[in-house]
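Chemist: Next up is a structure, given as structure tokens.
Throughout, read-outs are computed from the coordinates displayed, never taken from laboratory work. Keep in mind that this is a model prediction, so the values were computed, not measured. Positions of Cβ are generated from backbone atoms using ideal geometry, with glycine treated the same way; all protein chains shown enter the neighbour counts.
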Amino acid sequence: MDDPRDPSRITRRIALGTLMAAGAAALPAKRSYATVTNNVIIASSYGVMADGTTNDAPALASAIAAMSNGYVLVLPAGTMALGSAGWVGILFSGLSNIWIQGNDTAIKWLATPSQQTGPIGATGLRLYNCINAVVSGIRINGNGVGCIGLGLETCTTCVITQVEAYGHGSGPGQFATCKGNGNRWSYCSAHDSTVGSSSRGYVFGNSNSDWGETDLTIERCSRLHIEREITHPHSAKIG
């Protein structure tokens, strides 16, 4: 019998009405997943166009600023083009029990961000000091920009599921995580868009260097090419 807690059962497309009506039941009953309430932020209501051309970074930053603990951020279908010269990147900081839900949403970088995930490298979408956050249903297009697509830093029991990322050139990797505890990567896929690229799929913290993960779980992810292995005993569970 299928396990209803399996992250693969999370749909890539969740209508707003369903999201609001289902509440906490919309997510698997697993402690690592955010508790969803009716506090829903619709990114398009803040001016996110997702037309693949308009720089949606300012509008998306406004939507994120409206979030609080227990909120859901619903991203629109289409392609969000993000970034300009000197931009920081997209940051979720100090939030708990949130859900960042894509609607078959693509993210395309327009410029290299200045924010970093630990010592690993520049990062476009970064979660910092978050607890029980979920990110699902998005595709990250490297667009020739050499940065990490999605990074976790000092996060606890967060889940990244059904996220797909494409890197370019000699970038540090598509996904990165460091200094966290109990985080989970499920059903994610990392790809190099450039033939012969030295970019890595997943970059994980090295606990011997004091920037590693504890109790990290990696399940049913593709291209598990790890640039820096976790060396703490029993610190990573790969399924």
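Chemist: Using a cut-off of 11 Å between beta-carbons, work out the net charge of the residues near Thr117 (Lys and Arg +1, Asp and Glu -1, Thr117 not included).
Modeler: Working: positive: Arg126, Lys179; negative: Glu153.
Combined, the nearby Lys, Arg, Asp and Glu give +1.
Chemist: Modelled label-to-label distance, Asn39 and Ala77, 7 Å Cα→beta-carbon offset: nm?
Modeler: A separation of 2.9 nm, rounded to one decimal place.
Chemist: So what are the three principal axis dimensions of region 33-108 from its Cα atoms, in whole Å, longest to shortest?
Modeler: The Cα atoms of region 33-108 stretch 34, 25, 19 Å along the principal axes, largest first.
Chemist: Taking the simple approach of a point 7 Å from Cα along Cα-to-Cβ for both Asp210 and Ser62, what is their distance in nm?
Modeler: Inter-label distance under the simple model: 4.3 nm.
Chemist: Amide H to amide H, which residues 5 or more places from Lys108 or on other chains are under 5 Å from it, using H placed in the peptide plane?
Modeler: Met80, Ala81, Leu82, Asn141
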